[in-house]
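Colleague: Mind having a look at this structure? Questions to follow.
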Amino acid sequence: MNDNKNLIFKVKKHIAYLTLNRPEVRNAINIDMYNRLNKYWLRVNQDDDIRVLVVTGTGDKVFCAGMDLKEVARLKKEGKDDLLKYVDDPYMLNMRSIKKPIIAAINGDTFAGGFLLALNSDIRVAAEGIGFAITEARMGRGSPWAIPLLWMLPLAVVMEMAMTGSPVTAESMHQMGFLNRLVPRDDLMPTAVKIAELIRDNAPLSVMAAKESLIRGMDLGLKKGFEEAIEIFKHVYASEDAQEGPRAFSEKRKPVWKGR
């Protein structure tokens with residue numbers, strides 16, 4: 001369980017749930033939250049009891065507005081350097097290295113660092129009527145975290161978003177393939193949990209190898225990516241679970257996965 005009200009973390013039946021819980025400031029991420037998020041990414045990666053992570057926010061208006069700019073302004077006023085120098089993992093690279101699947105249940109508007117959380121997730125479910133924006137240009141900030149969007153959205157769309165700061169509707173993001181599901185608000189968490197349960201019930205080694213091979217393939221290209229995927233899946237085929245799956249199918253029962 002968590003020990004801080006700004007982030008709520010729990011694990012239930014092999015599914016971890018991480019909730020941003022600062023609705024009074026649009027779930028903005030301050031220094032403490034950045035560093036706690038980094039610890040949770042590492043925990044999810046290392047805890048064999050966790051098979052999938054669901055990330056969401058409190059409230060019905062904003063998923064996450066990004067960095068806490070009021071805290072940035074306070075640090076500047078105190079003569080201190082930028083907030084990013086005080087956080088362990090400012091661009092959430094540890095989140096990108098998590099081997100377990102991550103589902104973003106996007107409950108509201110998603111700006112700046114909130115957008116970063118969304119794009120670092122593997123599957124995205126969003127509530128209807130919300131918006132996505134890269135707002136850094138309006139604040140004199142930078143958005144190096146947006147580079148992965150070049151593999152997710154058309155270049156012209158990313159250019160406009162990065163340079164104007166204007167939001168794009170969830171409906172458009174769904175049409176362009178950034179969102180897996182676009183649902184009424186009341187269906188958001190049930191839909192995300194249903195996907196998480198489907199993933200949880202599959203062989204964990206196969207799931208993690210699928211994620212790793214697809215991500216590596218993006219960097220390597222078709223030929224080298226295919227070769228790398230074959231190597232990644234070798235230990236899956238040699239695992240106990242690879243024997244359990246066909247055995248359970250032939251015996252008409254649910255598999256008992258051991259993750260080895």
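The values are calculated or read from the model by the stated rules, or taken from the named source; none is laboratory data. The structure presented is a predicted model; accordingly, all values stated were derived computationally and were not measured. When we count neighbours, we look across all protein chains shown, and the Cβ atoms used for this are built from the backbone with ideal geometry, even at glycine.
Colleague: Among the residues that make up the range 102-110, is at least one of them touching a helix residue (DSSP H, G or I) at 6+ places or on another chain (Cβ under 8 Å) and either part of a helix (DSSP H, G or I) or of a type in the set (S, T, N, Q) (or both)?
Modeller: Looking for residues that are touching a helix residue (DSSP H, G or I) at 6+ places or on another chain (Cβ under 8 Å) and either part of a helix (DSSP H, G or I) or of a type in the set (S, T, N, Q) (or both), one finds at least one in the range 102-110, hence yes.
Colleague: Within the range 162-181, track down each residue that is among the charged types (D, E, K, R) and either over 15 Å from Ala104 (Cβ atoms) or not assigned by TED's automatic domain parsing to the domain that holds Asp122 (or both).
Modeller: The answer is Glu171, and nothing else.
Colleague: Still on this structure, please answer the following. Within the range 172-197, track down each residue that is loosely packed, with under 15 Cβ neighbours inside 10 Å and either modelled with pLDDT under 95 or among the basic types (Lys, Arg) (or both).
Modeller: Hits for the range 172-197 are Arg185, Lys194.
Colleague: Identify the residue in the range 203-250 that is among the polar types (S, T, N, Q) and part of a helix (DSSP H, G or I) and, among all such residues, is surrounded by the fewest Cβ atoms within 10 Å (Cβ to Cβ).
Modeller: Per the stated criteria, the residue is Ser250.
Colleague: Shifting gears a bit: Provide a single number: the residues in the range 97-137 that are within 12 Å of the chain's Cα centre (by Cα) and among the hydroxyl-bearing types (Ser, Thr, Tyr).
Modeller: Step one: of the range 97-137, the residues within 12 Å of the chain's Cα centre (by Cα) are 97-106, 113-125.
Applying the additional criterion that residues be among the hydroxyl-bearing types (Ser, Thr, Tyr) yields 97, 121.
Counting residues in the range 97-137 that are within 12 Å of the chain's Cα centre (by Cα) and among the hydroxyl-bearing types (Ser, Thr, Tyr) gives 2.
Colleague: Has the range 35-45 got any residue that is more than 20 Å from Phe115 (Cα to Cα) and either among the β-branched types (Val, Ile, Thr) or more than 18 Å from the chain's Cα centre (by Cα) (or both)?
Modeller: Within the range 35-45, one or more residues are more than 20 Å from Phe115 (Cα to Cα) and either among the β-branched types (Val, Ile, Thr) or more than 18 Å from the chain's Cα centre (by Cα) (or both).
Colleague: Return yes when Asp219 is in contact with a helix residue (DSSP H, G or I) (Cβ under 7 Å, 6 or more places away or on another chain) and not assigned by TED's automatic domain parsing to the domain that holds Ala126 and no when it is not.
Modeller: In short, no.
Colleague: If you go through the range 22-57 one residue at a time, how many are buried (at least 18 other Cβ atoms within 10 Å of the Cβ), of a type outside the set (D, E, K, R) and either touching a Pro at 6+ places or on another chain (Cβ under 8 Å) or within 20 Å of Ala192 (Cβ to Cβ) (or both)?
Modeller: 13
Colleague: Can you confirm whether Ala196 is touching a Leu at 6+ places or on another chain (Cβ under 9 Å) and within 30 Å of Gly259 (Cα to Cα)?
Modeller: Numbers: touching a Leu at 6+ places or on another chain (Cβ under 9 Å): yes; within 30 Å of Gly259 (Cα to Cα): yes.
When the stated conditions are applied, Ala196 passes them.
Colleague: State the number of residues belonging to the range 170-208 that are aliphatic (A, V, I, L, M) and within 17 Å of Leu153 (Cβ to Cβ). Lay out the reasoning, then the answer.
Modeller: Just the residues of the range 170-208 that are aliphatic (A, V, I, L, M), to begin with: 170, 173, 176, 179, 182-183, 188-189, 192-193, 195-196, 198-199, 203, 205, 207-208.
Going one step further and asking which of them are within 17 Å of Leu153 (Cβ to Cβ), we end up with 170, 173, 176, 179, 182.
The qualifying residues number 5.
Colleague: Kindly list the number of the only condition in (1) out of contact with any strand residue (DSSP E or B) (no Cβ under 6 Å at 6 or more places or on another chain); (2) in a strand (DSSP E or B); (3) among the charged types (D, E, K, R) that fails for Lys39.
Modeller: Answer for Lys39: the failing condition is (2).
Colleague: Quick check on Pro184: is it assigned by TED's automatic domain parsing to the domain that holds Ala28, in contact (Cβ under 8 Å) with a residue 12 or more places away in the chain and over 20 Å from the mean Cα position of the chain (by Cα)? Outline the logic, then answer.
Modeller: On the way: assigned by TED's automatic domain parsing to the domain that holds Ala28: yes; in contact (Cβ under 8 Å) with a residue 12 or more places away in the chain: yes; over 20 Å from the mean Cα position of the chain (by Cα): yes.
It is true that Pro184 is assigned by TED's automatic domain parsing to the domain that holds Ala28, in contact (Cβ under 8 Å) with a residue 12 or more places away in the chain and over 20 Å from the mean Cα position of the chain (by Cα).
Colleague: Among the residues of the range 115-138, are any aromatic (Phe, Trp, Tyr), closer than 16 Å to Gly177 by Cα and either out of contact with any Gly (no Cβ under 9 Å at 6 or more places or on another chain) or in a helix (DSSP H, G or I) (or both)? Break it down into steps so the answer makes sense when it comes.
Modeller: At the first step, the residues of the range 115-138 found to be aromatic (Phe, Trp, Tyr) are 115, 132.
Restricting the remaining residues to those that are closer than 16 Å to Gly177 by Cα gives 115, 132.
When the remaining residues are screened for being either out of contact with any Gly (no Cβ under 9 Å at 6 or more places or on another chain) or in a helix (DSSP H, G or I) (or both), the result is 115.
Within the range 115-138, one or more residues are aromatic (Phe, Trp, Tyr), closer than 16 Å to Gly177 by Cα and either out of contact with any Gly (no Cβ under 9 Å at 6 or more places or on another chain) or in a helix (DSSP H, G or I) (or both).
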